[in-house]
Amino acid sequence: MTLRRFTAVQFRRPMNRGINRPFLAIGQPEDGGNRCSIVVKSRAGYADRPDAMLRELFGLLLARELGLTAPEPVLVEIQEGFDWAAADHPEHAELIRRSIGWNVGTVHLGDSWKPWIQGSPPRSLADETLETAYAFDAMVQNSDREADNPNMLWRGEELALLDFDKAFAFLRLEKHEDRPWRKTLIRQNLDRQSLYFHLPAIGDDKILGRNLWDSFEEWWLVNPSGCLSSEIASGLADPDLDLPRMEAYLMKLSAVTDDFFRFLTDASRP
């Protein structure tokens, strides 16, 4: 797991969606490799939520580590004078001027991916795929993937999860709990999650997210606590110490993983 670094060298266009006003840019990798298209979420776009950048990176890195499909998170350097490239888009030019330095981005998945449209879900996706994505959002306390804001892309049998800047939404509220999910899952209003109505039937012997359970336990065995934080902290400051809190949460989860998935299953029954 390596968080790649790029320098923004060409402004392409504003993205069609996103409250952070992301934009598409061409990025030159720090190691001198091939340039690629990067979706940049500028520091100024996050406004008064600098912790959201850390949560975005942590959520995306963890999703990919556990085998879910998500765009590759990267660090993007915006240099002085880059705002001239966005001269035709004054709002984004101003964001760029206020975001000199390191920013968050993701490698653009490409135009073959389609947005998930609520009310018209793709039929090509397997129940297991939907269930795993739902369970992962619950695991990372993602409060932002409700029915009116799916934040997902799909292509054939693949589902890609986007936007984790509101993950770990209840991290501080339940930080003293040994099993914080027993309270956070109730706060998350699971029946409003965009994938809730597409879950398979939950019988008496069913455990939601069984594959994710296995993936998390296998990953934890070979990845010591702190590995995600170390990678992120090498490029972004963490003044509010959110990264240690996220790692502490994963530590609690690793101790009684079965309790989380059993509680999630019960909380998800109609």
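Structure notes:
- When the residues of the stretch 7-42 are filtered to those that are more than 24 Å from Leu153 (Cα to Cα) and of a type in the set (D, E, K, R), the one that is nearest to the chain's Cα centre (by Cα) is Glu30.
- Among residues of the stretch 142-173, those that are more than 16 Å from Leu61 (Cβ to Cβ) and either touching a His at 6+ places or on another chain (Cβ under 9 Å) or buried (at least 20 other Cβ atoms within 10 Å of the Cβ) (or both), counted: 7
- Selection over the stretch 157-190 of residues that are among the aromatic types (Phe, Trp, Tyr) and without any contact (Cβ under 8 Å) to a residue 60 or more places away in the chain gives a count of 1.
- Subset of the stretch 28-49 (residues that are closer than 25 Å to Val9 by Cβ and in contact with an Asp or Glu (Cβ under 9 Å, 6 or more places away or on another chain)): Glu30, Lys41, Ala44, Tyr46
- Pairs are defined by a Cβ separation below 8 Å, a sequence spacing of at least 6 or placement on different chains, a first member in the stretch 1-21 that is within 19 Å of Asp31 (Cβ to Cβ) and of a type in the set (Val, Ile, Thr), and a second member that is outside any strand (DSSP E or B) and at pLDDT 95 or above; the pairs so defined are Thr7/Gln79; Val9/Arg35.
- Scanning the stretch 102-137 for residues that are surrounded by 12 or more Cβ atoms within 10 Å (Cβ to Cβ), farther than 15 Å from Glu157 by Cα, out of contact with any strand residue (DSSP E or B) (no Cβ under 8 Å at 6 or more places or on another chain) and not polar (S, T, N, Q) yields one hit, Ala135.
- Qualifying residue in the stretch 70-80 (condition: of a type outside the set (Lys, Arg) and surrounded by fewer than 13 Cβ atoms within 10 Å (Cβ to Cβ)): yes
- Cross-chain or 6+ apart pairs with Cβ under 6 Å, the stretch 124-137 first and under 14 Å from Phe260 (Cβ atoms), then of a type in the set (D, E, K, R): Asp137/Arg145
- Restricting the stretch 95-120 to residues that are of a type in the set (A, V, I, L, M) and part of a loop (DSSP other than H, G, I, E, B) leaves a set whose member that is nearest to Ile26 (Cα to Cα) is Leu109.
The values are calculated or read from the model by the stated rules, or taken from the named source; none is laboratory data. All figures in this text were calculated on a predicted structure; none of them were measured in a lab. Virtual Cβ from ideal backbone geometry, glycine too; neighbours counted across all protein chains shown.
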